[in-house]
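The values are calculated or read from the model by the stated rules, or taken from the named source; none is laboratory data. Please read these numbers as outputs of a predicted model, since none were measured by experiment. Every residue, glycine among them, receives a Cβ derived from its backbone with ideal geometry; neighbour counts consider all protein chains shown.
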Amino acid sequence: MTDAPETPESLSPANENPWYILMTLHGEQKGEEIDWELHEKNRQSWHAWIGQYILEGPQLSAVEGSRIDINELHPSNHNKKAFERQWQNRIIGTDVGSPPDPKGRIRLENAIFSSSLHLDKFVFQSRVSFQGSVFTKGVSFENASFTQEAHLEKATFEGTVSFRSAYIRGFSYFTKTRFGIGGNKICLPDFTDCQFEKPISFRQALFRDGCPDFTGAVLHEKTSFTARLQPTSDEIAEDKDLEGQTYWPQKTKQDPVSARESCATIRHVLTQQGLPEEAHFFFRREMHFAGLPSEGRSLGARLPYLLFGWLSDFGYSIQRPLVWLLCLWAFGGAAFWGYLASCCVPAPLDVVERPMGTAMALSFSNLFPLFGFGRGTLGEILDKMPPVLQVLSGAQTVLSLPLLFFLGLALRQRFRLR
């Protein structure tokens, strides 16, 4: 027999929380398979309890039109004696007393959930807070309806988490939330077809295993994200656990195509907010995932994205295209100097007084043909060179054009040029 895992001092077991007891009135989910019959009983009991408040307040309008069966909320479904009997059986072995007030705020803060939590098609009649809680198993809010705010700041999801097709009417807070802790557990947040009516905050949220899936989701235009990889020194000083972590995964455990689409969605939201620097960060992430191997995409299809990244950090780096131009200039200059200095065969027909300077100038003129440096004396010298060096001269010109274009992109992005 193995001992139960210890609960951190800052957290309390979920079974000590009356709201969790109410959510799992007929029992918790056990094992990997979902007991849908148990889930139905728990949901119906939850709705019968909160329906006493829902049908009397403005929250009813928030539920109407959702995927929830309104009939489950009718007070006639609430059998008081049966509920009290079931409640007394459920709280055995806990310090929980009476059921929570259905009009009160749903508070499940700083709790540790040791069992999987499935709240599919649940209605939350007031503000919900899972702030600082830890979910060690899978969590599902699929088709759930949040009539007011949803607070999940500083929560930690160790396993799968799904908000698929959920409807959140109030503000949503995922500030400093952690999706994934590494190891054998994989956390890929799923917000597919989720509808947010008000702004969402993902500030300093940490996505360890993959980007959130926003396929078909309706995001508010004021949704906020952290548009950088590394935490700042101040953030690390505030939270030591951030040291060595990144807000976004360098290598994703999800399909790169899905990660690319998620980054494109986030980029679109930030572009609408007029945040070019933040939007370009997710553009770079989008291009990065486009270059990763995925099913049905050959190296030839990915190569343009890989070159775009290597040569210019996807149009963001000023240094990279400059370094490549410098290497191209130095290589051409060395080749031309070797010929003009007569240290190789064949030797030039005419003696050049300053072979080093002439070679460097000729190489430079090849990189910037639009300025016309190659006309005149330099052009005459190039005409007398062997074919292999003339080919090298043409290659310099061809290769310099995309590098100059990438340099222009970086300058435009850096200085917000239009």
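Of note:
- For region 244-264, a residue qualifies if it is among the hydrophobic types (A, V, I, L, M, F, W, C) and over 25 Å from SER233 (Cα atoms), and the qualifying residues are VAL257, ALA259, CYS263, ALA264.
- Scanning region 225-236 turns up one or more residues that are of a type in the set (S, T, N, Q) and modelled with pLDDT of 95 or more.
- Checked against the criteria, LYS137 counts as basic (Lys, Arg), surrounded by fewer than 24 Cβ atoms within 10 Å (Cβ to Cβ) and more than 16 Å from ALA205 (Cα to Cα).
- Inside region 169-195, residues that are within 23 Å of ASP239 (Cβ to Cβ), part of a strand (DSSP E or B) and among the charged types (D, E, K, R) make up a count of 1.
- Residues satisfying the stated conditions in region 405-418, i.e. surrounded by 15 or more Cβ atoms within 10 Å (Cβ to Cβ) and either closer than 22 Å to ALA335 by Cα or within 27 Å of the chain's Cα centre (by Cα) (or both): PHE406, LEU409, ALA410, GLN413
- All conditions but one from (1) within 33 Å of the chain's Cα centre (by Cα); (2) at pLDDT below 90 apply to PRO355; the one that does not is (1).
- Matching option when the condition is closer than 28 Å to ASN143 by Cβ and touching a strand residue (DSSP E or B) at 6+ places or on another chain (Cβ under 6 Å), among HIS268, HIS220: HIS220
- Residue in region 371-393 that is within 22 Å of ILE318 (Cβ to Cβ) and at pLDDT below 80 present: yes
- Subset of region 225-244 (residues that are assigned to a helix (DSSP H, G or I), loosely packed, with under 11 Cβ neighbours inside 10 Å and not charged (D, E, K, R)): SER233
- LEU306 being under 21 Å from the mean Cα position of the chain (by Cα), outside the structural domain of PRO199 (by TED's automatic domain parsing) and farther than 22 Å from GLN230 by Cβ: yes
- Filter result (of a type outside the set (Lys, Arg), out of contact with any strand residue (DSSP E or B) (no Cβ under 8 Å at 6 or more places or on another chain) and outside any helix (DSSP H, G or I)) within region 30-45: GLY31, GLU32, GLU33, ASP35
- Counting only residues that are among the aliphatic types (A, V, I, L, M) and over 23 Å from ILE186 (Cα atoms), region 249-299 holds 6 of them.
A quick yes/no check of all residues on (1) under 17 Å from SER45 (Cβ atoms); (2) touching a Lys or Arg at 6+ places or on another chain (Cβ under 7 Å); (3) surrounded by fewer than 23 Cβ atoms within 10 Å (Cβ to Cβ); (4) assigned by TED's automatic domain parsing to the domain that holds PRO189:
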| position | (1), (2), (3), (4) |
| --- | --- |
| ARG85 | yes, no, yes, no |
| GLY97 | no, no, yes, no |
| VAL123 | yes, no, no, no |
| PHE141 | no, no, no, no |
| ALA155 | no, no, no, yes |
| THR160 | no, no, yes, yes |
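- Residues that are assigned to a loop (DSSP other than H, G, I, E, B) and out of contact with any helix residue (DSSP H, G or I) (no Cβ under 6 Å at 6 or more places or on another chain) were ranked within region 251-282; the one that is surrounded by the most Cβ atoms within 10 Å (Cβ to Cβ) is GLN254.
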